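Reading through the structure tokens given below for one structure.
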Amino acid sequence: MWRDLAPLGRHAATGGYRRHAWTPADADCRAWFAAQAESRGLAYELDRNGNQWAWLGDPAAGDAVVTGSHLDSVPDGGAFDGPLGVVSSFAALDELRRRGAEFGKPLAVVNFGDEEGARFGLACVGSRLSAGQLTAEQARELRDADGVSLPEAMERAGYDPGAIGPDPERLGRIGAFVELHVEQGRALDLSGDAVGIASAIWPHGRWRFDFRGEANHAGTTRLEDRRDPMLTYANTVLAARKKARLAGALATFGKVAVEPNGVNAIPSLVRGWLDSRAADQETLDRVVAEIEQAAAERGARDGVDVSVVRESFTPVIEFGHALRDELSALLGGKAPVLATGAGHDAGILSGTVPTAMLFVRNPTGVSHSPDETAAEDDCLAGVAALADVLEGLACR
Ligand code: GLV
Ligand code: MN
Ligand code: MN
Ligand code: MN
């Protein structure tokens, strides 16, 4: 499976993946998923929101055990974030068949669309729509950097966006959802474990900061006459780092757009996107408020207008103890339990269905980068753990 998946959407120069929603690379990944379903004799379904499902058994029977993750990527992402969960799901199913497992419940593998939000700015679009955490109206307003709307992008990819929206009937058939994911930190490396169980996902969000100043000539405008939004932006980045450090939170400006973007022009506009996360909501609210305040104060000094829009927000997710404890027991009580700052479809679904996550050790902790890695033995340990869990959940 890795061999077939590896070339899809890989950027030759960086070695990173650019599998953005509803692009040709995404279509290739989707075709791969459908082929995997078909080769195993699973019933393939594409739902109203573009999520892909591969069913063993009759979904209508209900109380289904579902596993999966996503195949899209961040800009120049790694090979494992998302795909490891999907590949491991198919591999775990193969393993269960090899064991001769007799399933008492329907089982499915799922690929949720647009988990990373790399193209339209909002993460987990497929699962959010299905779970009713994003309305069809809101989704129709999403646009990429070229102004292409989500429905237009879906149409261009040959998919009908006419029915996007909540899918309570489909989610209502799920008795348990388990997402396996590569760890995106080094907790398992430090504890010396190949596989762990998720306890919680930190609250996190994205905020767009617009710094508006005045375009002018770089060679003739005296420093004291400038209204330079880059200066305000740069100071805001430094303030974000400091406020986050003092609060034990995280704050990142990872994306920036500059107008007019000329070497010899003072910018008229700098638009920076803040991603901020913390262990609890109160800390996150405080840190973001402090960063906004620092930006406003600096803007006043620089003659720059600052406005801030919250583009997305995901509250803290506590995975339910019952399923989490069940996973722990099925794994012999040895797997460590850890919280993460990364968002996942499992977090979105957890409000609607019993949900749990397994993490596979990441020896460097690097993720959202072409350097993301996981050892083959650990990936196989992940498959074995997922198979044990699915067997325990679906074969009773
Ligand atoms: C997605 O991986 C996120 O947590 O931003
Ligand atoms: Mn990711
Ligand atoms: Mn992911
Ligand atoms: Mn994610």
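Bear in mind that the values in this text are calculations on the coordinates, not laboratory data. The model shown is predicted, which means the values in this text are computed figures rather than measured ones. In this analysis, Cβ positions are derived from the backbone assuming ideal geometry, glycine residues included, and neighbour counts consider all displayed protein chains.
Charging the Cβ of each Asp and Glu at -1 and of each Lys and Arg at +1, and nothing else, the dipole of the range 204-314 about its Cα centre rounds to 280 debye.
In nm, what is the difference between 0.36 nm times the number of residues separating A296 and D189 and their Cα-Cα distance? Can you show the working numbers first?
Numbers: separation 107, 0.36 × 107 = 38.52 nm, distance 4.09 nm.
Fully extending the segment from A296 to D189 adds 34.4 nm.
Only loop residues by DSSP count here, and only those with at most 16 other Cβ atoms within 10 Å; note down the trypsin sites (Lys or Arg not before Pro) in the range 232-283 that meet that. Could the numbers behind the result be given before it?
Values: sites: R241, K242, K243, R245, K255, R271, R277; in loops: none.
When the trypsin sites (Lys or Arg not before Pro) of the range 232-283 are filtered for loop state and at most 16 Cβ neighbours within 10 Å, nothing remains.
Note on M1 and K334: the extension gain reaches 117.0 nm, defined as 0.36 nm multiplied by sequence separation minus the Cα-Cα distance. Put simply, the amide H of N216, placed in the peptide plane, has neighbours under 5 Å in I266, leaving out anything fewer than 5 places away on its chain. Computed from backbone phi, the HN-Hα couplings of the range 115-122 come to 6, 7, x, 5, 8, 10, x, 10 Hz, rounded to whole numbers (Karplus: 6.51 cos²θ - 1.76 cosθ + 1.60, θ = phi - 60°; Gly and Pro given as x). When each of R186, R98 is scored by the number of other beta-carbon atoms lying within 10 Å, the sequence from fewest to most is R98, R186. Placing a pseudo-label 7 Å from each Cα along the Cα-to-Cβ vector at A12 and D377 gives an inter-label distance of 3.7 nm. Compute the relative contact order of the chain as a whole-number percentage, counting only Cα pairs closer than 8 Å that sit 6 or more residues apart in sequence. So the answer I get is 23 percent.
Taking amide H atoms as placed 1.01 Å from N in the peptide plane, the amide H of N51 lies under 5 Å from those of G113, each 5 or more residues away in sequence or on another chain. The residue among A295, V258, A335 whose Cα reaches farthest toward the positive pole of the charge dipole of the range 252-366, with charges on the beta-carbon of Lys, Arg, Asp and Glu, is A335.
Can you sort M357, M230, M1 so the residue with the fewest Cβ neighbours within 10 Å comes first?
If I rank by nearby Cβ atoms, fewest first, I get M1, M230, M357.
Amide H to amide H distances under 5 Å link L134 with L129, where only residues 5 or more positions off or on other chains count and H is placed in the peptide plane.
Counted residue by residue at 0.36 nm each, then reduced by the alpha carbon distance between them, the extension gain from E137 to V256 reaches 40.2 nm. Straight-line cross-link reach from K255 at under 28 Å between alpha-carbon atoms covers these lysines, not counting any fewer than eight positions away in the same chain: K242, K243. The residue among A387, M230, G132 whose Cα reaches farthest toward the positive pole of the charge dipole of the chain, with charges on the beta-carbon of Lys, Arg, Asp and Glu, is M230.
Measuring r between the beta carbons of A265 and E311 and using R0 = 22 Å, the FRET efficiency lands at 0.20.
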